[in-house]
Amino acid sequence: MAKSGVGICKLTGNKGRFVRSHIIPRALTPRDDPTKPMLQADGQWPPKKRWDSWYDRGLVIAKGEKLLEEIDDKAIKEIRRQKLAWKYWDLQSELNIEPFSAGAVIGLRSLTDVDHEKLARFAISILWRAGASDRDDMAGFTVPDELLVQAKAVVLGEAVPRPETFPIKVLQFGTKGFIHNLTPRNHAMNRPDGLVEPFFRIFLNGLIFQIVDTTAVE
């Protein structure tokens, strides 16, 4: 990025002045106490203090930010309606979680009338933002170029979020924890068939998207 703040938008490809663009919407990175910082953690290095969620000043121009904001607004309304994030519910009983077995700490929520496309497009947009960002905080988050190109097409509305390209699992914490920035991370899990499944983990206020890296799964 030039010192003047003018350059080529990584999303639209247009030249213009860069704007401050949040990688994860501020609505889903609230602070418990506005007078105190959040903790930022990535699971590897000691936590850091942060007064704001991550933003990038060299990612998009105003036209690109408008596209991202439209995706965010639609998804956040759905997240609020379905009570998927901590800030949108008070009592665990509101979630109607059915435990897998008596006394189990893991359960299942049955949701109806879910707008899967809005949530998928939102998750993929964050994957693109974090993967395309040059922030040091995102240095440990790597997305193959092939997936970044496909994710950008989804963000631009040139492609729909197909599950064969972006398989997404949604997990929700049914108990509230302390508010913090949890950096997007690359992870992997062992599948029952013996294969290793790499995935990208995105955390937003008690809501987790796990996007499978289809370029690395045999």
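Annotations
- Normalised by the number of residues in the chain, the average gap of Cα pairs under 8 Å and 6 or more apart makes the relative contact order 22 percent.
- In the chain, helices alone account for a calculated mean residue ellipticity at 222 nm of -7500 deg cm²/dmol, with every DSSP H run of four or more residues adding -39,500 (n - 2.57).
- Cα centre as origin, Lys/Arg/Asp/Glu Cβ charges: the chain dipole, Debye: 880
- For q = 0.29, 0.35 Å⁻¹, Debye-computed log10 I/I(0) when each Cα of segment 105-146 counts as one equal scatterer: -0.99, -1.18
- Per-peptide average of other Cβ atoms within 10 Å, ordering 151-160, 91-100 highest first: 151-160, 91-100
- Near THR175, once Lys and Arg are set to +1 and Asp and Glu to -1 for all other residues with Cβ below 15 Å from its Cβ, the sum equals +2.
- Per residue value of the accessible surface for the chain (all protein chains in place, 1.4 Å probe), Å²: 56
- Rg and Dmax, both from the Cα atoms of segment 128-218 and both in Å, are 13.9, 38.
- Each pair of Cα atoms in segment 76-185 enters the Kirkwood radius, and Stokes-Einstein at 10 °C and 1.306 mPa s then converts it into a translational diffusion coefficient of 99 µm²/s.
- The chain - percent of accessible surface contributed by carbon and sulfur, probe 1.4 Å: 53
- The Cβ shell under 14 Å around ILE76 holds other residues with a net charge of +3, Lys and Arg each +1, Asp and Glu each -1.
- In the frame of its principal axes, the chain has Cα extents of 60, 48, 37 Å, reported largest first.
The values are calculated or read from the model by the stated rules, or taken from the named source; none is laboratory data. This one's a predicted model, so the numbers in the text were calculated from it and none came from an experiment. Note: ideal-geometry Cβ built from the backbone for every residue, glycine included; neighbour counts use all protein chains shown. Side chains are part of the model used for accessible areas, which takes the heavy atoms of the whole protein and leaves out ligands, DNA and RNA. Shrake-Rupley method; radii C 1.70, N 1.55, O 1.52, S 1.80 Å.
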